[in-house]
1. Please quote Rg/Rh for the stretch 35-137 to two decimal places, taking the Kirkwood radius as Rh and restricting both calculations to Cα atoms.
2. For every other residue with a beta carbon closer than 14 angstrom to the beta carbon of Glu113, add +1 if it is Lys or Arg and -1 if Asp or Glu, then tell me the sum.
3. Could you run the Karplus curve 6.51 cos²θ - 1.76 cosθ + 1.60 with θ = phi - 60° over the stretch 40-55 and give me ³J(HN,Hα) per residue in whole Hz, x for Gly and Pro?
4. Separation between the Arg96 and Lys84 pseudo-spin-labels, each 7 Å from Cα along Cα→Cβ, expressed in nm?
5. Within 14 Å, Cβ to Cβ, of Gln33, how many net charges do the neighbouring residues add up to if Lys/Arg are +1 and Asp/Glu are -1?
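No value in this document is a laboratory result; all are computed from the given coordinates. None of these values were measured; they are calculated from a predicted model. Heads up, the Cβs are rebuilt from the backbone with ideal geometry, glycines too, and the neighbour counts pull from every protein chain shown.
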Amino acid sequence: MDDYDKLLDRARSQVPEDAFKRTGERFQVPEVQLIVQGNRSIWQNFQEIINILNRPGKEVLKFVSGQLGTAGNVEGSNALFNGKFTSELVDEVLNRYVDSYVICPVCTRPDTEIVKESGAYYLTCSACGARTSIRPV
Ligand SMILES: [Zn+2]
């Protein structure tokens with residue numbers, strides 16, 4: 001019986017919604033790993049991060065390179081930018097993306113999706129059902 005209770009406890013603690021409600025933790029995105037090679041900056045954990053964000057790489061790349069004011073492209077699991085940038089800067093830009101296009105402003109959970117409807121973009125949240133109007137990337 002004890003074991004069964006423990007199992008039940010563990011199962012409950014694995015439900016992310018409960019975990020969020022209990023701790024109020026913010027969505028954690030890994031730090032950007034970036035190295036400068038010659039005149040280019042290579043974002044090495046690009047693929048890993050976009051998988052976590054659950055957003056198309058193209059879109060994230062477009063936003064980040066636009067904010068950096070440079071050109072960027074994806075090569076394998078890396079993103080490459082022309083010019084020398086620091087991981088701190090790219091981190092900061094990425095956080096701006098996450099705040100605007102991933103985190104639901106109503107419940108602060110990341111369970112969102114970008115939906116296009118009659119030419120307008122919305123961030124829809126599957127956790128709380130909120131629909132927030134956003135600007136396209
Ligand atoms: Zn929400």
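1. 1.01
2. Values: positive: Arg55, Arg109, Lys116, Arg131; negative: Glu59, Asp111, Glu117.
Residues near Glu113 contribute +1 overall.
3. Karplus-based 3J(HN,Hα) across the stretch 40-55 equals 10, 10, 10, 8, 7, 10, 4, 4, 4, 5, 5, 4, 5, 6, 6, 10 Hz.
4. With each label point 7 Å from Cα toward Cβ, the separation is 2.2 nm.
5. So the surrounding residues net to -4.
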